[in-house]
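The structure appears right after this line, and notes come after that.
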Amino acid sequence: MTWLTVNKTAKLLNVTESAVKKALGAGKYDYRRVNGVGRGGKQLQIALESLPQAAQDHYNHVEREPEDILHYTGKQREEANNKAWIVVQYLQSGLPPDDFVQRFNAENPPEDAITDSKLFRWQQKYKNREVAALIDRRGGYNRGRTNIPDDAWNCFYALYMTQQERSIQLCYDLIKPQFPGIPSVSAFKRKARQIPEYALLYYRKGPKAAKDKLPSMERSKLDIESNSIWFSDHHKVDVFTKSADGQRIVRPWLTVFFDARSNRVVSHVLREAAPNSTVVKKCFRIGVEENGVPGAVYFDNGADYRSKYFSRDYPMSLVNQLHIGNIYANPYHGQAETVERFFGTFTDRFSRRFTTYTGADAKNRPECMRISNKEILAVAPSMEDFIKAVEAYIEEYNNTLSNGIDMGGKCPDQVYFENLKTKRVISDHDALRLLCGTSEERTVQKNGVSIKNNHYFHEKLLMHMGKRVVVVYDPENIDKISVFDTENRAICVAEARIRTPLRHTTEEDYNRAAKERKAAKNIYKQYKPVRDMDLHSIISRNHLLETQFKESRDTNLAEHAIPDVIQNSAILKNTDQPISSRRIREEDSVSATLMKVYQKQA
């Protein structure tokens, strides 16, 4: 075991010596007292093996894999993501720290204010672009994160998680002889406290005890306001409908955004296709247009919700552009059941109204629906009629009195508006459509940029010929696209180019083409060289220069009058020296080099 002084430990942990001593008093680390300089002639020494793994790796110069941020709580992850977002905004702003802090504090609520020192600390921790480095590990945030060897913990866990309900101390005493170097029993107690309650119930009390506790898993929502948190999820409707073209039967997909405080459906989209990030963005946009911007969005772990459009690491994402939090649920997390309960209600009170109700799967399909697809198609509702029916039911649901927890016997609409203290709105719906649109990288070509075989052009794109740009567009209307450079600076709004017919070309077509060519020619003029000289002029000019040099050497003049044409030559490096002292090799002269080029071109 390696023992460290208090001073060395404080440096490893990046804290004060006083903080280390307080941690020792709380039993956080293993330590001993040895003879030396200190109180009563004793010196404190701390066991390296009892320190956090990051400190041990730093001491041993061990390269570590990036830390998995999902090990931490949603609050920790959100706070770290916010810090990373602030650092990225600061780096992209180009402002001095004082100016950026002043602007940030002016644009954000007082509770979100930052200081220069905070910004500096966050920037230092985020230098390797690891969000986990910004996790707040103080106090209770770091409970349960120990350096217990995996083998020792596995043995302890096997003894502890049984219906004999052995105590932590007994299990620790039983494995201690086999693993003499393990941390103290306090470390095992801390880690055992992180075992989920349901796991403890199931393995220590039995499956029945765990099942009996399931209904009591409820959380109060009285401390949040409407629009504080929105949930979202998808549901494959248990009803057969006709496809949009009326040629086949489908089970539509319903996507909803759901207010956590009021259980109100704030937006929904029904469509044939399976869910993806596009429908999530569309549903979110509808919700924001009608109800304002939420404080945070709460998603499951599906790929459509894990897309870059809801990621803190993507500067153009919705959560970054609209300054909203994002929370990702762990599997089977209690709060995620809110939307699932709505889908259950939707099935029982809406889907079962239709004769083409099909059940969740083939086993639960009603006998009357165990017929051919052709027979089902004959009685299935059209997609258009079904969409109208869904809209009517959701309005009915939002206005139905509820006996749910924290609802007070009121309907979702009433609870929503009574608890809507603040409402953040976006007046520019076109901008919102772009934010909720699709973004892709493209290379600028002579005809602009290409999206889905369509060309989009603007004169400003000519300055970015051959460069990569980011295009953003609304999937439902791609007549125009917004173009940004790779630093997320706006370039232009480009319009779809109209292809000129092979015949019947109009005067407008010619005028448009002439205008585009003129814009390109303006770039030629803008970047024209300061001096304009052809190859023959350069050769003649440098020949004159060499002649002057030879004459200078022949006459052995100390000084020589230099013609203006020579003073501008690239050969004259050291103009403070007499020409007679300059030695120019003929094979290295500019004229000789250019003559070789000229001869090759001739």
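The values are calculated or read from the model by the stated rules, or taken from the named source; none is laboratory data. Since this is a predicted model, take the numbers as computed values, not measurements. Here the Cβ positions follow ideal geometry from the backbone for every residue, glycine too, while neighbour counts run over all protein chains shown. Remember, those area values only see protein heavy atoms, side chains included, never the ligands or the DNA or RNA. Shrake-Rupley method; radii C 1.70, N 1.55, O 1.52, S 1.80 Å.
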Looking across the range 150-180 at residues that are open to solvent by 60 Å² or more (accessible area, probe 1.4 Å) and within 42 Å of the chain's Cα centre (by Cα), the single one that is modelled with the lowest pLDDT is Asp150
What tally of residues in the range 282-304 results from selecting those that are closer than 19 Å to Lys75 by Cβ and in contact (Cβ under 8 Å) with a residue 60 or more places away in the chain? 7
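Residue-by-condition table, conditions (1) assigned to a loop (DSSP other than H, G, I, E, B); (2) surrounded by 18 or more Cβ atoms within 10 Å (Cβ to Cβ); (3) touching a Ser or Thr at 6+ places or on another chain (Cβ under 8 Å):
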{"residue": "Lys363", "(1), (2), (3)": "no, no, no"}
{"residue": "Glu375", "(1), (2), (3)": "no, no, no"}
{"residue": "Asn403", "(1), (2), (3)": "yes, no, no"}
{"residue": "Tyr416", "(1), (2), (3)": "no, yes, yes"}
Identify, please: which residue in the range 274-299 is open to solvent by 50 Å² or more (accessible area, probe 1.4 Å) and over 19 Å from Ala431 (Cα atoms) and is, among those, farthest from the chain's Cα centre (by Cα)? Ala274
Scanning the range 439-458 for residues that are of a type outside the set (Lys, Arg) and farther than 15 Å from Ala496 by Cβ gives Ser439, Glu440, Glu441, Thr443, Val444
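Residues are listed down the side, and each one gets a yes or a no for (1) modelled with pLDDT under 85; (2) open to solvent by less than 40 Å² (accessible area, probe 1.4 Å); (3) under 20 Å from the mean Cα position of the chain (by Cα):
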site	(1), (2), (3)
Arg433	yes, no, yes
Asn453	yes, no, no
Met463	no, no, no
Val471	no, yes, yes
Asp479	yes, no, no
Thr486	yes, no, yes
Mind checking which pairs have a first residue in the range 354-367 that is among the small types (Gly, Ala, Ser) and a second that is surrounded by 10 or more Cβ atoms within 10 Å (Cβ to Cβ), Cβ under 7 Å, 6 or more apart or different chains? Gly359/Asp238; Gly359/Arg365; Gly359/Pro366; Ala360/Asp238
With the first residue restricted to the range 232-259 and required to be within 11 Å of Arg271 (Cβ to Cβ), and the second required to be part of a strand (DSSP E or B) and aromatic (Phe, Trp, Tyr), Cβ contacts under 8 Å at 6 or more apart or on different chains are His234/Trp253; Val237/Trp253
Can you find a residue that is part of a loop (DSSP other than H, G, I, E, B) and closer than 21 Å to Ile324 by Cα anywhere in the range 234-251? no
